[in-house]
Amino acid sequence: MAKALEEIIVDLDKFIPPMDLGVLFGRSGPVHIEVGCGKGTFILNQAKRHPEINFLGIEWANEFYRYCADRMRRWEMANVRILRADAREFIGRFVKDSSVGAFHVYFPDPWPKRRHQKRRFFTPENIRQVWRCLVGGGQLRTATDHAEYFEIMSQVLLQEPGIAELFEPVEFYPADAADPGEWVGSNFERKYMKEGRPIYTLAVKKR
Ligand SMILES: C[S@@+](CC[C@H](N)C(=O)[O-])C[C@H]1O[C@@H](n2cnc3c(N)ncnc32)[C@H](O)[C@@H]1O
């Protein structure tokens, strides 16, 4: 029988930060977070292939959040949850130190206009928070079609003083959710591949 939406959706009003992410799933196991999970194709397929890992999707846009939550309900899996929040605020405020096995950030909005750039996920401040929340050896994995934003991501992760030394670059292997020829198998990757756009990937692990 399909799960109730209330079992899938995380209501932040019920929690006092910092939050024990394990409580969300009612079971133990590593937790992976997807920032901006959109319609949920990656997180659902990855969670199906890794029943031993708990997957939390964070999505800001109400339309995608509702769509993804409903899909999660219908897929009837014990290891997926979603919350509607600005991932930057949620991570900074609610997530405990050394509690996340991996962050997945696929095709994040590049915010190319100067006045919008403060909304980007890949800033030194947010990446320091990601590092704080990762377990030792835990990974931050990202993919984008946007060459300029990829330069910025690489700069922040691999060259920014005070951050570059916190991470070690690792090979970006295709996710188990990906079909042959894909890197991650998310909706945006599939759309951009059809359009023939190049895809850039980067993975680092917490030292
Ligand atoms: C370009 S889409 C990519 C969606 C999905 N990751 C994929 O690859 O198909 C970017 C998504 O990130 C969400 N998003 C952007 N900024 C966010 C934030 N600060 N917190 C949570 N979600 C965010 C957007 O609403 C959008 O659904």
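The values are calculated or read from the model by the stated rules, or taken from the named source; none is laboratory data. A quick note: this is a predicted structure, and the numbers were derived from the prediction, not measured. No Cβ is skipped: glycine too gets one built from the backbone with ideal geometry, and neighbour counts run over all protein chains shown.
Which condition does Phe107 not pass, out of (1) more than 13 Å from the ligand (Cβ to nearest atom); (2) more than 16 Å from Ile8 (Cβ to Cβ); (3) in contact with a strand residue (DSSP E or B) (Cβ under 7 Å, 6 or more places away or on another chain), if it passes all the others?
Exception for Phe107: condition (1).
Does at least one position in the range 166-178 carry a residue that is crowded, with 17+ Cβ neighbours inside 10 Å and assigned to a helix (DSSP H, G or I)? So that I can check it myself, show each step before the final result.
As a first pass, look at the range 166-178 and keep what is crowded, with 17+ Cβ neighbours inside 10 Å: 166-167, 172, 175, 177-178.
If we keep only those that are assigned to a helix (DSSP H, G or I) too, we end up with 166.
The answer is yes; a qualifying residue exists.
For Glu182, are the conditions met, namely being free of Cβ contacts under 8 Å to residues at least 24 places away in the same chain, within 13 Å of the ligand (Cβ to nearest atom) and more than 26 Å from Met19 (Cβ to Cβ)?
Working: free of Cβ contacts under 8 Å to residues at least 24 places away in the same chain: yes; within 13 Å of the ligand (Cβ to nearest atom): yes; more than 26 Å from Met19 (Cβ to Cβ): yes.
Judged against the criteria, Glu182 is a match.
Can you confirm whether the range 133-147 contains a residue that is among the acidic types (Asp, Glu), over 19 Å from Ile33 (Cβ atoms) and modelled with pLDDT of 95 or more? It would help to see each step written out before you state the result.
Going residue by residue through the range 133-147, those that are among the acidic types (Asp, Glu) are 145.
Remaining after also requiring over 19 Å from Ile33 (Cβ atoms): 145.
Cutting the leftovers down to modelled with pLDDT of 95 or more gives us 145.
Yes: the range 133-147 contains one or more residues that are among the acidic types (Asp, Glu), over 19 Å from Ile33 (Cβ atoms) and modelled with pLDDT of 95 or more.
Please pick out the residue among Arg84, Arg88, Arg73 that is in contact (Cβ under 8 Å) with a residue 24 or more places away in the chain and more than 15 Å from the ligand (Cβ to nearest atom). Step through it out loud before you land on a result.
Numbers: Arg84 fails: more than 15 Å from the ligand (Cβ to nearest atom); Arg88 fails: more than 15 Å from the ligand (Cβ to nearest atom).
Answer to the check: Arg73.
Mind counting the residues in the range 81-125 that are surrounded by fewer than 21 Cβ atoms within 10 Å (Cβ to Cβ), closer than 15 Å to Lys206 by Cβ and of a type outside the set (Gly, Ala, Ser)?
2
Of all residues in the range 4-57, which are at negative phi, touching a Lys or Arg at 6+ places or on another chain (Cβ under 8 Å) and within 16 Å of the ligand (Cβ to nearest atom)?
Result: Ile9, Val10, Lys39, Thr41, Leu44, Phe55, Leu56, Gly57.
Across the range 1-35, what is the total count of residues that are assigned to a helix (DSSP H, G or I) and polar (S, T, N, Q)?
Initially, the range 1-35 is screened for residues assigned to a helix (DSSP H, G or I), giving 5-8, 12-14, 21-25.
Now restrict to residues that are polar (S, T, N, Q): none.
Number of matching residues: 0.
Among the residues that make up the range 10-21, is at least one of them modelled with pLDDT of 95 or more and either among the hydroxyl-bearing types (Ser, Thr, Tyr) or in contact with a His (Cβ under 6 Å, 6 or more places away or on another chain) (or both)?
No, there is no match, as no residue in the range 10-21 is modelled with pLDDT of 95 or more and either among the hydroxyl-bearing types (Ser, Thr, Tyr) or in contact with a His (Cβ under 6 Å, 6 or more places away or on another chain) (or both).
Working only within the range 149-165, note down all residues that are in contact with a Pro (Cβ under 7 Å, 6 or more places away or on another chain) and either among the charged types (D, E, K, R) or assigned to a helix (DSSP H, G or I) (or both).
Tyr149, Val156, Leu158, Glu160, listed by residue number.
Give the range 57-88 a look and list any residue that's under 14 Å from the mean Cα position of the chain (by Cα) and charged (D, E, K, R), or say none.
Glu59, Arg81, Arg84, Asp86, Arg88
Given the options Glu148, Glu195, Glu189, name the one that is surrounded by 14 or more Cβ atoms within 10 Å (Cβ to Cβ), within 16 Å of the ligand (Cβ to nearest atom) and acidic (Asp, Glu). I'd like the intermediate steps shown before the answer.
Numbers: Glu148 fails: surrounded by 14 or more Cβ atoms within 10 Å (Cβ to Cβ); Glu195 fails: surrounded by 14 or more Cβ atoms within 10 Å (Cβ to Cβ).
Answer to the check: Glu189.
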